[in-house]
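Novice: Encoded as structure tokens, here's the structure I'll be asking about.
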Amino acid sequence: MPSQGTQRRTIRIADEIWDPAEKRAKREGREVADVIREHLTQYGIWEPAEQRAADEGRDLLEVLREYLTRYATETPEEDPPT
């Protein structure tokens, strides 16, 4: 994912967590930053999806599918769906 339009963040992660993650990411042809973005996106949409499903009387999986479909079709510079 291009870094245009994003801010650099600094976090602390123990080597015993980072090293295996970096090794797996390299095996998959990815950067650890890509994996972190992917997981933070999933983490960030879970609670709003639960609330929306409750508010609209809809199934949570239906709302999550809708969010993920929208996210997959947006450009990286756009905010994740809320």
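The values are calculated or read from the model by the stated rules, or taken from the named source; none is laboratory data. Worth saying up front: this structure is predicted, and the values here are computed from it rather than measured. Note that each Cβ is placed from the backbone with ideal geometry, even for glycine, and that neighbours are counted across all protein chains shown.
Novice: Looking only at region 39-59, count how many residues are of a type in the set (A, V, I, L, M) and either farther than 28 Å from A21 by Cβ or touching a residue at least 40 places away in the same chain (Cβ under 8 Å) (or both).
Specialist: 2
Novice: If you don't mind, another one. For region 73-80, state whether one or more residues are modelled with pLDDT of 80 or more and either out of contact with any Cys (no Cβ under 6 Å at 6 or more places or on another chain) or among the small types (G, A, S) (or both).
Specialist: Looking for residues that are modelled with pLDDT of 80 or more and either out of contact with any Cys (no Cβ under 6 Å at 6 or more places or on another chain) or among the small types (G, A, S) (or both), one finds none in region 73-80, hence no.
Novice: Name the single residue, out of those in region 7-48 being touching a helix residue (DSSP H, G or I) at 6+ places or on another chain (Cβ under 9 Å) and of a type in the set (V, I, T), that is nearest to E62 (Cα to Cα).
Specialist: Of everything passing the filter in region 7-48, I45 is nearest to E62 (Cα to Cα).
Novice: Could you check A33 against (1) hydrophobic (A, V, I, L, M, F, W, C); (2) under 16 Å from the mean Cα position of the chain (by Cα); (3) outside any helix (DSSP H, G or I); (4) modelled with pLDDT of 85 or more and say which number it fails?
Specialist: A33 satisfies every listed condition except (3).
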